[in-house]
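The values are calculated or read from the model by the stated rules, or taken from the named source; none is laboratory data. Small disclaimer: the values here were computed from a predicted structure and weren't measured. Backbone-built Cβ (ideal geometry, glycine too); neighbour counts: all protein chains shown. Protein only, heavy atoms only, side chains kept; ligands, DNA and RNA dropped before computing areas. Shrake-Rupley method; radii C 1.70, N 1.55, O 1.52, S 1.80 Å.
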Amino acid sequence: MDLYVTNWGPNVLYHNNGDGTFTDVTAETGTGDPRWSSSAAFADFNGDGLLDLFVTNYVRFDPDNVPLTEVDGSPCTYRGVVTGCGPWRHEGERSTLYLQRADHTFIDASDEWGLDKTAGYRGMGVAAGDFDGDGYVDVYIGCDVMPNLYLENEGGRRFASVGLVRGGALNEKGMHESGMGVATADMFNRGQLDILTSNFAWEKTTYYRNDSGYFTDMSTAVGLEGRRAELGWGVVAVDFNQDGLRDVFVANGQVYPQVERLNDPEDRYEEPPRVYLGAGHESLKEIPPEKAFQWDRRPSESDRSVAGGADLPQTGGPGAVRRPAFSLRALAAGDLDNDGDVDLVAVRHNGPLVVFENLSDRPAAVVTLRTRRGGLGPTGAHISIGSWHHFDIPTQGYQCSHDPRVFINRPQSDTATVRWFDGTVETMAVPPPGRHVVWQPRKNASLPEIGAASPRD
């Protein structure tokens with residue numbers, strides 16, 4: 001698996017040499033977007049079987065000409081406290097689409113695909129998926145202090161901006177929010193790709209329910225209304241407690257250290273991450289941090305070791321911290337210890353990484369999806385087992401991508417229907433819990449088992 005790194009300045013594409021080393025192939029592939037890029041997603045946008053690259057860009061930033069006041073000369077403030085100026089003082093940058101050619105170089109197809117319509121938008125998180133079910137990969141972008149972008153793929157030829165018509169651009173009150181992180185998943189097993197966005201302080205984490213490509217803000221109805229003071233960044237929707245229902249994890253953290261002057265316990269620079277468990281009937285239930293996390297801060301480690309279990313109580317003990325708080329940013333999900341459940345890694349602003357280890361003792365059945373050529377890139381597959389659905393979209397989120405493996409918990413059947421992105425439909429045998437198999441297109445059964453996920457000792 002290769003690696004694409006977004007930067008302020010040229011982005012970098014690293015080719016995986018297969019021996020634990022990487023080679024910078026940015027120049028020869030033509031993928032070094034020079035703008036301030038925030039997030040990126042790989043997908044086959046034109047249906048030629050090759051992975052293309054979509055890059056969201058943020059703002060035009062000149063370090064020699066940083067705005068110090070508002071346009072009218074007044075100081076920049078947050079809740080009456082003088083701070084640095086917000087993103088509205090910077091012009092947004094348009095997004096970039098790179099289409100891959102047969103020789104594995106890329107061509108900038110932004111103009112041909114109509115991405116001039118993204119000019120001026122401050123792109124943050126991104127997700128690429130077939131939101132309207134027409135067989136072509138669409139794009140959703142969380143945008144900072146402005147409407148979000150929902151780009152419909154019109155026949156693998158160009159994008160149309162449809163968020164103001166089909167929903168997803170504005171909240172339930174018809175107002176824009178400040179889109180930061182983005183997650184897409186079939187939240188409540190309806191066979192539709194819903195969207196979650198994290199937002200700025202005094203907004204909320206927003207849930208957009210998808211109905212055949214039309215989105216409705218249903219945040220209040222599902223239980224995501226209660227933490228408006230917190231500023232969200234990375235957000236993921238996976239099944240942490242292995243009950244077959246998707247849960248939500250939000251990484252929080254303020255951008256203004258000056259917020260501490262407010263002495264507001266709900267609005268701090270370091271904020272607790274939030275865990276919401278799927279509760280059935282299209283609802284989520286917030287788990288308080290003191291119950292969601294077992295966190296042992298040892299003096300010698302100083303915040304470097306964090307363990308979280310989304311369904312386990314706080315155990316206490318010497319040095320235990322009951323309400324872990326950080327100023328987090330990007331959030332990546334994956335099974336770090338190969339024990340069959342999903343862990344998390346979060347980027348901490350001006351600090352070490354924070355690792356949240358899932359303490360569940362029920363391993364999932366784990367499936368690695370491979371492309372027709374045998375690669376590990378996003379396959380675009382749609383897996384259904386009874387009423388449970390999974391869409392293979394690992395490259396989504398804010399400045400991150402996720403473990404490409406599929407984690408199947410409490411399956412309703414011993415067979416799965418897999419619809420590959422080219423329309424091929426196959427039936428696969430669901431492996432038992434704790435086992436790991438590979439599925440690949442145009443094979444009537446899974447490939448030989450490649451390992452086992454062992455439950456925690």
Candidate set from the range 101-118 (those that are among the hydrophobic types (A, V, I, L, M, F, W, C) and more than 23 Å from the chain's Cα centre (by Cα)); member that is surrounded by the most Cβ atoms within 10 Å (Cβ to Cβ)
TRP113
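In the range 396-443, how many are of a type in the set (A, V, I, L, M) and under 21 Å from the mean Cα position of the chain (by Cα)? Please lay out each step first, then the result.
Initially, the range 396-443 is screened for residues of a type in the set (A, V, I, L, M), giving 406, 408, 416, 418, 425, 428-430, 437-438.
Keeping just the survivors that are under 21 Å from the mean Cα position of the chain (by Cα) gives 406, 408.
Total meeting the criteria: 2.
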Just to be sure, is VAL275 assigned to a helix (DSSP H, G or I), buried (at least 17 other Cβ atoms within 10 Å of the Cβ) and either in contact (Cβ under 8 Å) with a residue 12 or more places away in the chain or of a type in the set (Ser, Thr, Tyr) (or both)?
no
Please find, within the range 220-249, the residue that is surrounded by the most Cβ atoms within 10 Å (Cβ to Cβ) out of those that are aliphatic (A, V, I, L, M) and part of a helix (DSSP H, G or I).
VAL222
Give me the residue from the range 147-198 that is under 13 Å from ASP217 (Cα atoms) and among the acidic types (Asp, Glu) and, out of that set, nearest to the chain's Cα centre (by Cα).
ASP194
Filter the range 403-412 down to the residues that are open to solvent by 40 Å² or more (accessible area, probe 1.4 Å) and either over 17 Å from LEU369 (Cβ atoms) or outside any loop (DSSP other than H, G, I, E, B) (or both) and list them by number.
ARG410, GLN412
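Listed here are the residues, each with its yes/no results for (1) modelled with pLDDT under 95; (2) in a loop (DSSP other than H, G, I, E, B).
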{"position": "MET1", "(1), (2)": "yes, yes"}
{"position": "TYR14", "(1), (2)": "no, no"}
{"position": "GLY32", "(1), (2)": "no, yes"}
{"position": "ALA40", "(1), (2)": "no, no"}
{"position": "GLY47", "(1), (2)": "yes, yes"}
{"position": "LEU50", "(1), (2)": "yes, yes"}
Which listed residue, of VAL418, VAL425, VAL438, VAL430, is at pLDDT 80 or above, open to solvent by 40 Å² or more (accessible area, probe 1.4 Å) and closer than 21 Å to PRO378 by Cα
VAL425
Scan the range 300-349 residue by residue and report those that are of a type in the set (D, E, K, R), modelled with pLDDT under 95 and in contact with a strand residue (DSSP E or B) (Cβ under 6 Å, 6 or more places away or on another chain).
none
Six or more apart or on different chains, Cβ under 9 Å: which pairs go from a residue in the range 56-74 that's over 30 Å from LEU97 (Cβ atoms) and of a type in the set (Ser, Thr, Tyr) to one that's outside any loop (DSSP other than H, G, I, E, B) and open to solvent by 50 Å² or more (accessible area, probe 1.4 Å)? Could you list them?
THR69/PRO75; THR69/ARG89
Let me spell it out: the conditions are (1) in a loop (DSSP other than H, G, I, E, B); (2) surrounded by 15 or more Cβ atoms within 10 Å (Cβ to Cβ); (3) small (Gly, Ala, Ser), and GLY280 meets all of them except one. Which number is the exception?
(2)
Counting only residues that are hydrophobic (A, V, I, L, M, F, W, C), within 30 Å of PHE131 (Cβ to Cβ) and loosely packed, with under 14 Cβ neighbours inside 10 Å, the range 25-51 contains a total of 0
Could you tell me whether the range 374-393 includes any residue that is open to solvent by less than 40 Å² (accessible area, probe 1.4 Å), hydroxyl-bearing (Ser, Thr, Tyr), touching a Leu at 6+ places or on another chain (Cβ under 7 Å) and at pLDDT below 95?
yes
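May I ask you to say which residue of PHE54, PHE61, PHE22 is among the aromatic types (Phe, Trp, Tyr) and open to solvent by less than 60 Å² (accessible area, probe 1.4 Å)?
One residue alone meets the criteria, PHE54.
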ASN210 being touching a residue at least 24 places away in the same chain (Cβ under 8 Å), touching a Gly at 6+ places or on another chain (Cβ under 7 Å) and surrounded by 20 or more Cβ atoms within 10 Å (Cβ to Cβ):
no
Considering every residue within the range 154-172, establish whether at least one is open to solvent by less than 20 Å² (accessible area, probe 1.4 Å), at pLDDT 95 or above and closer than 27 Å to LEU13 by Cβ.
yes
If you check every pair at least six apart or on different chains, which have Cβ atoms under 8 Å apart with a residue in the range 31-46 that is over 28 Å from ALA381 (Cβ atoms) and without any contact (Cβ under 8 Å) to a residue 40 or more places away in the chain first and a residue that is open to solvent by 10 Å² or more (accessible area, probe 1.4 Å) and not in a loop (DSSP other than H, G, I, E, B) second?
GLY32/VAL12; GLY32/LEU13; GLY32/THR26
